[in-house]
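Notes to accompany the following structure.
What follows draws every value from the coordinates through simple rules; no lab data is involved. Note that this is a predicted model, so its numbers are computed, not measured. Cβ placement follows ideal geometry from the backbone for every residue including glycine, while neighbour counts extend to all protein chains displayed.
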């Protein structure tokens, strides 16, 4: 039988460490400084939201943690190991959803374990567990084209969890959904996270979403990106979008956020 | 069917008169066997800001497209200022969900497009374009092409184009759905300012309940297919509104309860 959660919960263990990250995109004609001296430490099983105005460089930062992009300067450590390239210890959920269109829901979810050479029986069990967890039982054999936006992103989340990674990175996963489906997905993700604790880095430009989900919000400045302020969110979960403490915090953070045109 | 009394209550905004600008009677529309709009009737007062909300996929866009007769309708009557709606005769501006700018035209050419079609003289066109481009703050960008602009700027181009024809009726289909929150706040406030300045009647479709409560004088809550009017709520919260205000939260929760499916 596949073990539901093999990870021991030790709240104070350091999981992710970003030290002095700088990133400049160089082209023939100009150079664009996107991230300047960014530092962050994330503990195991913490849910951290990187929040900032549009186009401020949040995705670039997440890509560096994922190993998809190299920092110009500085290092990222996960579990003490320096990150140079993508790896199975980090699951990623993309803004564009990015499912494999030629694979079924099951095929998408079991892709990671398959590549890692997990035996078929265990792989199927594990995939089924996560498909059930995201509420897609009955859709295992469907292809992505047949799914709605919200359902597709559920597959994306199940796929990220299925490799049993230490860290899950989510890049504006609900940005393309309409407001109502977004509320639904936020509630679902909150349930999944309370059941399956992981270290999570979640990028968004939606302040409601940030406060609803986060243990801690890291407010970023506009380009070049660096930390402006941090907020520990200690409102009891699940949270109420219209409670007075929620709205007060929302205003406070919105006022602190840099303006873009 | 909505009673006249509900309509007369309208809003306390100085812009709004009690006379109906738009009258919709028994609007019905189906695609094949699928009934989408089921005998919908309502009025909109002159100068009123009406928001229409409903569950995802309930047919809000079909609603607006049927209203303007961009779609053929099965049954019903739509009057604007007492005459059957006619996109050629009436001054109606429609802002679509996508940024429907024309990529081969510069900002100012996009903005003047409607005016040229309507055959205004160059003098009037220049005056109007200067005015609306100033209103949305794009003076510096009038010679740019759409692809050189950010999403919020494109949305402003579209808004400027809509206001250039000095519409009597402005229809907006989820115009801010794809923008991030900070930009949305900003454009919402800009829209309210323009609305107050010009006194235009607005029908604004949105998924977002908070947005509807923030903007509207009145909210129509729709049911899922077939679409009917579930509730007609008057929103008399004083402007500028505050999302944390208790009246605001109360109305927001009320509308949420009416359409919550998630």
* Asked: Taking the C-alpha atoms of segment B:139-181, how large are the radius of gyration and the largest Cα-Cα span, Dmax, in Å?
  -> 11.6, 31
* Within 10 Å of each Cβ of A:206-218, how many other protein chain Cβ atoms are there on average? -> 1
* Express in nm, to one decimal, how much length is gained between residue B:39 and residue B:100 on full extension, taking 0.36 nm for each residue of separation and deducting their alpha carbon distance. => 18.9 nm
* Asked: Which ordering of B:116, A:126, A:159 is given by a fewest-first count of other beta-carbon atoms within 10 Å?
  -> B:116, A:126, A:159
* **Alpha carbon centroid spacing (whole Å) that separates segment B:94-109 from segment A:234-261** => 34 Å
* Asked: Can you give the relative contact order of segment A:98-222 as a percent, counting alpha carbon pairs under 8 Å and 6+ residues apart?
  -> 25 percent
* To do: Give me the number: length gained by fully extending residue A:77 to residue A:237, i.e. 0.36 nm times residue separation minus the C-alpha to C-alpha distance, one decimal in nm.
  => 54.7 nm
* Please order B:123, A:89, B:173 by the number of other Cβ within 10 Å, starting at the fewest. => B:123, A:89, B:173
* To do: Can you tell me the 0 to 90 degree angle between the C-alpha axis of helix B:107-117 and the longest principal axis of chain B, rounded to 10?
  => 70 degrees
* Share of pairwise Cα separations in segment B:126-262, more than 24 Å, in percent -> 36 percent
* Hey, with R₀ at 45 Å, roughly what FRET efficiency would residue A:255 and residue B:131 work out to, going by the Cβ-Cβ distance, to 0.05? -> 0.90
* **Computed over segment B:18-85, Kirkwood Rh from alpha-carbon pairs, angstrom** => 12.5 Å
* To do: Choose one answer from A:72, A:199, A:226: the residue with the largest mean-square fluctuation in a GNM of chain A with alpha-carbon springs under 10 Å.
  => A:72
* Asked: What does the convex hull of the Cα atoms come to per residue for segment A:16-68, in Å³?
  -> 87 Å³
* To do: Determine one quarter of the surface area of the Cα convex hull of segment B:94-166, which equals its mean projected area, and express it in nm² to one decimal.
  => 4.4 nm²
* Structure fact -> With the convex hull built on the alpha-carbon atoms of segment A:100-164, volume per residue in Å³ sits at 72 Å³
* Peptide A:180-187 - average C-beta neighbours from other chains (10 Å radius) -> 4
* Structure fact -> Dimensionless Rg/Rh of the protein assembly as shown, both radii on Cα and Rh by Kirkwood, sits at 1.00
* **Relative contact order (%) - criterion: Cα under 8 Å, at least six apart; region: chain B** => 26 percent
* Structure fact -> Averaged over the residues of B:215-224, the number of partner chain Cβ atoms within 10 Å of each residue's own Cβ comes to 0
* Can you tell me how much longer the chain between residue B:150 and residue B:74 gets when fully stretched, taken as 0.36 nm per residue apart minus their C-alpha distance, in nm with one decimal? => 23.4 nm
* Asked: So, in Å, what gap is there between the alpha-carbon centers of segment A:89-114 and segment B:122-174?
  -> 42 Å
* Asked: So what's the angle, to the nearest 10 degrees on a 0 to 90 scale, between helix B:181-198 and the longest Cα principal axis of chain B?
  -> 90 degrees
* Apply 1/(1 + (r/R0)^6) to the Cβ-Cβ distance of residue B:86 and residue B:166, taking R0 = 22 Å, and write down the FRET efficiency to the nearest 0.05. => 0.80
* Could you tell me how many degrees, from 0 to 90 and to the nearest 10, lie between the Cα long axis of helix B:246-259 and the main elongation axis, the longest principal axis, of the Cα atoms of chain B? => 70 degrees
* Structure fact -> Residues A:218, B:213 in order from fewest to most other beta-carbon atoms within 10 Å are A:218, B:213
* Top mean-square fluctuation among A:210, A:160, A:179, Gaussian network model of chain A, C-alpha springs under 10 Å? -> A:179
* Asked: How far apart, in nm, are two points set 7 Å out from the Cα along the Cα-to-Cβ line at residue B:31 and at residue A:20?
  -> 5.8 nm
